[in-house]
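What follows is a short report on a single structure.
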Amino acid sequence: MSTPNPGPLGKAADALSAALEEAEAALADLRLGVTGDVPLGTEGHVLSWEKQGGTWLLAVRRSLPGQADSYAPLLKASLAHRTLAAEALVTLYAVLLERRREETERVANAATRAKAFADTLRRVEKP
């Protein structure tokens with residue numbers, strides 16, 4: 001038995017999934033090293049960039065008070081969430097760049113403080 005050809009919506013959904021997969025790979029290639037999320041426009045849902053089991057990926061999360069959190073890799077999320085995510089990618093990227101800038105500054109400051117501490121200890125008289 002042959003598989004029926006997908007209709008126009010199925011073809012569009014397949015193209016969207018392929019484009020999101022490319023976007024996810026491109027983000028991973030940037031090696032940003034930070035997580036971030038942006039609202040997806042639906043109650044409690046966010047598009048996030050996160051590390052799961054050693055792999056960076058786009059995900060849809062939902063967190064509501066008094067309810068268990070839900071999570072799905074974006075490529076396995078509903079068509080509605082994948083469509084909203086495509087519209088939120090640029091905003092998520094901006095958030096990630098700002099987080100990377102902040103984290104880089106925080107780590108650089110910590111390195112400076114640690115070096116200053118080590119330098120101070122080197123100048124202390126030994127008992």
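Given the criteria among the small types (Gly, Ala, Ser) and more than 30 Å from Leu9 (Cα to Cα), does Ala114 qualify? Spelling it out, Ala114 is indeed among the small types (Gly, Ala, Ser) and more than 30 Å from Leu9 (Cα to Cα). Residues considered: Thr112, Thr104, Thr120, Thr91. Of these, the only one that is surrounded by fewer than 15 Cβ atoms within 10 Å (Cβ to Cβ), in contact (Cβ under 8 Å) with a residue 12 or more places away in the chain and β-branched (Val, Ile, Thr) is Thr91. Scanning segment 11-29 finds no residues that are of a type outside the set (Asp, Glu) and at positive phi. Filtered by the rule that a residue be among the small types (Gly, Ala, Ser), under 19 Å from Ala86 (Cβ atoms), out of contact with any Gly (no Cβ under 9 Å at 6 or more places or on another chain) and not in a helix (DSSP H, G or I), segment 14-57 gives Gly36, Gly41. In segment 51-106, which residue that is polar (S, T, N, Q) and under 20 Å from Leu16 (Cα atoms) is nearest to the chain's Cα centre (by Cα)? Going through the qualifying residues, I end up with Thr91. Taking the criterion of being free of Cβ contacts under 8 Å to residues at least 40 places away in the same chain, crowded, with 16+ Cβ neighbours inside 10 Å and touching a Ser or Thr at 6+ places or on another chain (Cβ under 9 Å), the residues of segment 58-88 that qualify are Leu58, Ala59, Val60, Arg61, Arg62. Selection of segment 4-51 for residues being surrounded by 11 or more Cβ atoms within 10 Å (Cβ to Cβ) and among the polar types (S, T, N, Q) yields Ser17, Thr35, Thr42, Ser48. Checked against (1) part of a helix (DSSP H, G or I); (2) touching a strand residue (DSSP E or B) at 6+ places or on another chain (Cβ under 6 Å), Tyr93 meets all criteria but (2).
Quick note: the coordinates plus some simple rules give every number you see, no bench work behind them. Everything numeric here is computed off the predicted structure, so don't read it as measured data. Note: ideal-geometry Cβ built from the backbone for every residue, glycine included; neighbour counts use all protein chains shown.
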